[in-house]
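Notes for the one structure printed next.
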Amino acid sequence: MKYISTRGKSPELNFCDVLLGGLAPDGGLYLPKAYPKFTKNDLDLMRSMSYQDLAFSIFDKFIDDIPADDLMEIINKTYTADVFGYNRPNQNPDDITPTLKLKDNLYLLSLSNGPTLAFKDIAMQFLGHIFEYVLAKKNKTLNILGATSGDTGPAAEYAMKGKKGINVFMLSPYGTMSPFQAAQMFSLGDENIYNIAVKGVFDDCQDIVKAVSNDLHFKEDNNIGAVNSINWGRILAQIVYYFKGYLAVTKDSKEVVDFTVPTGNFGNICAGHIARMMGLPIRKLVVATNENDVLDEFFQTGKYYPRTSENTFQTSSPSMDISKASNFERFIFDLIGRDSSVLRSYWQQIDNGRSFELNKEIMGKVLDFGFTSSSSKHKNRINLIKKFYDEYDVIIDTHTADGVKASIDHLSEDTPMLVLETALPIKFEKSVFEAIGKRPVRPDALVDLEKIDQRFEVFDNKTSSVKDFILANNII
Ligand SMILES: *Cc1c(COP(=O)(O)O)cnc(C)c1O
């Protein structure tokens, strides 16, 4: 399988090179040259598979530069019941991403049973193992530089801690993460993890990462790598649970299902789109946004108008407070029939801080791709957290509540709807308390998380200080 850039001006690459490379040199995102297809018959054969075998049968179609035995070993190391073990009562930890039936044709797909209690662990844990493997093969090292507003950082650090050949430098805005999120990162004692709290906001952290990555000499000399959501390995790992969820709620591979996905950078739902292109019988893919509703606006009007950071609201589902969805380019590329020159003209607008609008004819095709959308507000989330607690005795987090709101807008009686649970409520105790007047129970291991010693550096908002720190602590 070869990979091509959405912008059409980069060399075709194999999987391992795409995995370590991040953005394509022409500024585009890598996608497989063609999507492998699964037939109804293939789906029938998948019904009896474990999560690990299912992952292998999907990854195997996208990866041809890692021997099958090695790939299977990486998968088996990644997806264990031990690592993905924080399950709700009556869920089987061997399922890795179990489903929870709420009522007829409405399900949660539990994706947040990993070490940091958000769905990002599913892809990040895989990256941790496959990075270590590929780096050892190529005799290379990697200094991962990232910025986090709260969920990506912990998931990346738990996945990379103790991995050979990898150091992590994670920037976060000083004093703004939830106490739980801060404790998740800052309590890690591993020598290859460096937490840098920047006196500024998330966008300042992101700008420093961009400034460092744009210094090509520094980037090359210091083997700087990224694990942000455009990484193809992350999308690939997320395709698996769409299959797992589909197989869990259907008996016959002729049946169709709907998925609703709480969306920020469009990474998660992009994996759903690819699963659908591979032949998984998905009828609707519902994009759920919060008050930051740029994507909802696009699906309603055809106008894609990313907002500036001053016009991005801080909400009670903070991991979706994004107004420029980096993976959206991948979907638009498919929507316009993979025409790179047209795509380049759109993103020239976007990269210059402007917008683009698609005509009715192209927007008509959005339906052929199954996409639709809805947005929600704080009040919707709080009401739904309470309603689900009262009716089903299930506590959901604020992001999942955004999903639930959108799923209700698009629910139909005859088709199963799976809402992706993107985080556990423990991570967002404050809003849960506001909704139901009590805090979700923590697993024993996390009861005293905030009391563990914390280790982090506090820096002024200056790229040069971060560079100096990397120079002094990098792994070469
Ligand atoms: C990252 C995140 C999202 C958004 O996912 P995307 O892949 O960026 O669309 C939604 N919910 C939670 C809890 C997250 O951490």
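Miscellaneous remarks
- Percent carbon-and-sulfur accessible area, the chain, ignoring ligands, DNA and RNA, probe 1.4 Å: 48 percent
- Mean residue ellipticity, 222 nm, helices only, the chain: the sum of -39500 (n - 2.57) across DSSP H runs of n ≥ 4, divided by residue count and rounded to 500, is -13000 deg cm²/dmol.
- Residues of the stretch 147-175 with amide N under 20 Å of a point placed 7 Å along Cα→Cβ from S309: 147-154, 169-175
- Per residue accessible area of the chain, 1.4 Å probe, in Å²: 40 Å²
- Percentage relative contact order, the stretch 1-152, counting C-alpha pairs under 8 Å, at least six apart: 15 percent
- Under the combined filter of DSSP loop state and at most 12 neighbouring Cβ atoms within 10 Å, the stretch 118-204 retains these GluC sites (Glu not before Pro): E191.
- Placing unit charges on the Cβ atoms only, positive for Lys and Arg and negative for Asp and Glu, gives the stretch 3-45 a dipole magnitude near 160 debye about its Cα centre.
- When the square roots of the Cα gyration tensor eigenvalues are ordered a ≥ b ≥ c, the ratio a/c for the stretch 243-343 is 1.5 or more and a/b does not exceed b/c, which makes its shape oblate.
- For F459, distant residues with modelled amide H under 5 Å away: A197, V198, K199
- Taken one residue at a time, the phi angles of the stretch 79-95 give Karplus couplings (6.51, -1.76, 1.60, θ = phi - 60°) of 9, 10, 5, 5, 6, 9, x, 7, 8, 6, x, 6, 9, 8, x, 5, 6 Hz. Gly and Pro are set to x.
- Over the chain, Cα pairs under 8 Å with separation of 6+ residues give a relative contact order of 19 percent.
- Other residues whose C-beta falls under 12 angstrom from the C-beta of G200 contribute a net charge of -2, scoring Lys and Arg +1 and Asp and Glu -1.
- If R0 equals 22 Å, the separation of the Cβ atoms of D104 and N383 corresponds to a calculated FRET efficiency of about 0.50.
- Extension gain for S48-D94 works out to 15.2 nm (0.36 nm per residue, less the C-alpha to C-alpha distance).
- For the chain, the convex hull spanned by the alpha carbon atoms encloses 136 Å³ per residue.
- Whole-Hz Karplus values for the stretch 280-287 come out as 5, x, 9, 7, 10, 10, 9, 7 Hz, taken residue by residue from phi with 6.51 cos²θ - 1.76 cosθ + 1.60 and θ = phi - 60°; glycine and proline positions read x.
- Maximal additional length on extending the E434-D351 stretch stands at 26.0 nm, based on 0.36 nm per residue less the C-alpha distance.
- Using Cβ point charges alone (K and R +1, D and E -1), the dipole size of the chain about the Cα centre works out to roughly 520 debye.
- Once the chain from Y392 to D203 is taken as fully extended at 0.36 nm per residue, the excess over their C-alpha distance is 64.2 nm.
- Tensor-based shape of the stretch 393-476 (alpha-carbon gyration tensor, a/c under 1.5 rounded, otherwise prolate or oblate): prolate
- Between the residues H129, L117, Y158, the greatest Cα displacement towards the positive end of the dipole of the stretch 103-165, with unit charges on the Cβ of Lys, Arg, Asp and Glu, is found for H129.
- Treating r as the C-beta distance of E457 and S178 and R0 as 22 Å, the FRET efficiency rounds to 0.65.
- F469 paired with N76, simple spin-label distance in nm, labels 7 Å along Cα-to-beta-carbon: 4.0 nm
- Too-long pairs where the Cα-Cα distance tops 27 Å, listed order kept, from K199/K467; K101/K427; K137/K462; K120/K219; K210/K244: K137/K462; K210/K244
- In the stretch 333-476, Cα pairs under 8 Å separated by at least six residues give a relative contact order of 16 percent.
- For the stretch 1-40, the residue among L23, S10, A34 whose Cα projects farthest onto the positive side of the dipole built from Cβ charges is A34.
- Whether the stretch 99-139 is rounded, prolate or oblate, judged on the alpha carbon gyration tensor where a/c under 1.5 counts as rounded: prolate
- Hz values of 3J(HN,Hα) by residue in the stretch 293-299 - Karplus curve (6.51, -1.76, 1.60), Gly and Pro given as x: 10, 3, 6, 4, 4, 4, 5
- Ordering 265-271, 296-302 by mean Cβ neighbour count within 10 Å, with the highest value first, yields 265-271, 296-302.
The values are calculated or read from the model by the stated rules, or taken from the named source; none is laboratory data. These numbers come from a predicted model, not from an experiment. Backbone-built Cβ (ideal geometry, glycine too); neighbour counts: all protein chains shown. Ligands, DNA and RNA are excluded from the accessible area calculation, which covers all protein heavy atoms including side chains. Shrake-Rupley method; radii C 1.70, N 1.55, O 1.52, S 1.80 Å.
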